C-alpha cells in the first residue's frame, strides 16, 4: 500500500484556526487499513487550481534556479543537491536576510517542505499538489514548530503569508505556459 497525502482542500479549511490538525494515512503496521498520525496546524495557507498535470507543476519546483522567475518573493536561491530530501542551501528573499534552508519530505510529484531554522523553532514552507480532473490543485502553506513558534508565528506569519497568493499566481502562469509535444 502506498502512502498518500491529505486532500489539499482540507488543509486550508478554517486556515486561521491554529488548532486545525491534518490526518495523514500511513502504511498499515497492523491489521488496520491505515494508521493515522497527527500532522501540524497550518494557519497560513493558500490554494490555486492550475490547468497542468502535477508533474509539470513539480518540474518548476525541481528547476530551483527558476524560482525567482515565477515567485516574486524570491530574489535568488541555491540548493546544489537539487530538490531531494535532506538537501541544504540558501534562499535570498527580495526583502530580508539570506536564509539557510533544508528540503524535507519530497514525494514526487506531490509534495516537499522547505525548512528554515529560527531561534527556538523552525519555519516550514509546505508545498502540496493534488491531481484534479482538469489539472492540479496546489497548496502553499507555512507554519512554525518549536518552543518559540507561537511568537514567530505572530511576528512573521502575516508578513510571510502576504506573498502566497502572488507566488501561486506566478506558478500557475509558468506551469500553464509549458507545452508538452
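Once you order the gyration tensor axes a ≥ b ≥ c over the Cα atoms, which shape class does the stretch 46-181 get: rounded for a/c under 1.5, otherwise prolate or oblate by comparing a/b with b/c? Cα axes put the stretch 46-181 in the prolate bin. Straightening the chain between residue 51 and residue 105 buys 17.0 nm, computed as 0.36 nm per residue apart minus the Cα-Cα spacing. As a calculated quantity, the FRET efficiency between residue 92 and residue 131 at R0 = 45 Å, using C-beta atoms, amounts to about 0.90. Each part reduced to its alpha carbon centroid, the stretch 45-86 and the stretch 131-149 end up 13 Å apart. In this simple spin-label model, placing a label point 7 Å from the Cα along the Cα-to-Cβ direction at both residue 177 and residue 148 gives a separation of 3.9 nm.
Please work out how much length the chain gains when fully extended from residue 81 to residue 69, using 0.36 nm per residue of separation minus the C-alpha to C-alpha distance, in nm with one decimal. Display every interim value, and only then the final one.
On the way: separation 12, 0.36 × 12 = 4.32 nm, distance 2.01 nm.
Computed gain between residue 81 and residue 69 is 2.3 nm.
None of the figures in this text is laboratory data; all of them are computed from the coordinates on show. Note that the structure is predicted; figures quoted are calculated from it, not measured. Reconstructed Cβ throughout: ideal geometry from the backbone, glycine too, with neighbour counts over all protein chains shown.
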